[in-house]
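*Asks:* Quick one: the structure is below, and I'll ask about it shortly.
The values are calculated or read from the model by the stated rules, or taken from the named source; none is laboratory data. These figures come from a predicted structure and were not determined experimentally. Methodologically, a virtual Cβ is constructed for each residue, glycine included, from the backbone with ideal geometry; neighbour enumeration extends over all protein chains shown. Areas reflect the complete protein model, heavy atoms only, side chains present, ligands, DNA and RNA absent. Shrake-Rupley method; radii C 1.70, N 1.55, O 1.52, S 1.80 Å.
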Amino acid sequence: MNQEEQQAALATIAHEVHACTACSLHRGRTQAVPGDGHPNADIMFVGEAPGFYEDKQGLPFVGASGRYLDELLKMIGLTRQQVFITNIVRCRPPQNRDPLRPEIEACTGYLERQLDVIQPKLVATLGRYSMERFFPGEKISKIHGKSKRIGGRIYYPLFHPAAVLRNPSLKPVMEQDFRKMKQLVDEFDANIPDDTPPEDDPPPKPEQLSLF
Ligand code: URA
């Protein structure tokens with residue numbers, strides 16, 4: 001698919017999301033939030049669900065969490081136009097309550113299709129609901145910043161920006177995780193698929209290590 005075709009395929013998915021009635025969340029929405037960003041992005045962020053402002057504007061992460069996300073992206077030399085941002089659930093839950101399992105399941109197909117179109121090198125989950133989709137049964141406090149590579153794609157769990165804003169002592173950790181994420185993407189093509197350990201590479205010589 002070329003970029004124009006990717007753009008068109010994403011527009012089709014977005015159109016379906018806007019008309020979706022697959023779970024009860026559609027009843028309370030102002031508008032659905034399909035996701036936004038570059039059709040050929042290297043990094044795709046998956047958050048939790050639209051909040052008040054996202055529901056009004058139809059765009060992901062446009063409130064306080066979004067401003068913080070923009071800051072973190074800027075820190076690693078990126079803008080939101082260069083990445084793709086979406087959520088595990090595309091309609092705002094009432095009073096911003098946590099999304100329920102059937103709501104997540106009703107929305108999963110849209111995420112899979114967006115992944116197929118965009119083919120990002122890295123999927124960064126923001127918070128525990130999207131983490132659960134790719135790292136079932138794990139704890140965010142334990143695995144944030146630890147990547148796994150499956151089928152030629154890196155999955156990378158991050159804290160939710162809102163959780164970091166609520167607990168600013170997590171800011172240095174979040175910044176470190178973002179820097180590491182950028183490095184993983186930059187080194188993507190040199191990475192070894194499926195976390196397979198290298199067989200033939202000899203360990204670096206001590207004098208090489210001292211260069212760093
Ligand atoms: N929080 C999310 O998880 N997603 C948004 O789009 C906004 C806030």
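*Asks:* Consider segment 75-131. How many of its residues are open to solvent by less than 50 Å² (accessible area, probe 1.4 Å), touching a residue at least 40 places away in the same chain (Cβ under 8 Å) and assigned to a helix (DSSP H, G or I)?
*Replies:* 12
*Asks:* Further question: Out of the residues in segment 132-142 that are open to solvent by 20 Å² or more (accessible area, probe 1.4 Å) and within 15 Å of the chain's Cα centre (by Cα), which is nearest to residue 165 (Cα to Cα)?
*Replies:* In this case the residue turns out to be 140.
*Asks:* Only one residue in 68, 110, 155, 129 is over 14 Å from residue 45 (Cβ atoms) and among the aromatic types (Phe, Trp, Tyr). Which one?
*Replies:* 110
*Asks:* Can you tell me which residues in segment 72-107 are in contact with a Lys or Arg (Cβ under 8 Å, 6 or more places away or on another chain) and over 24 Å from residue 41 (Cα atoms)?
*Replies:* Within segment 72-107, 92 is the sole residue that qualifies.
*Asks:* Another question, then. Which of the residues belonging to segment 42-61 are of a type in the set (A, V, I, L, M) and near the ligand (Cβ under 7 Å from one of its atoms)?
*Replies:* 49
*Asks:* While we're on this one: Name the pairs: first residue in segment 1-27 and assigned to a helix (DSSP H, G or I), second residue at pLDDT below 95 and open to solvent by 80 Å² or more (accessible area, probe 1.4 Å), Cβ to Cβ under 8 Å, at least 6 apart or on different chains?
*Replies:* If the second residue must be at pLDDT below 95 and open to solvent by 80 Å² or more (accessible area, probe 1.4 Å), the pairs left are 9/1.
*Asks:* Tally the residues that are at pLDDT below 60 and not acidic (Asp, Glu), restricting the search to segment 166-212.
*Replies:* 16
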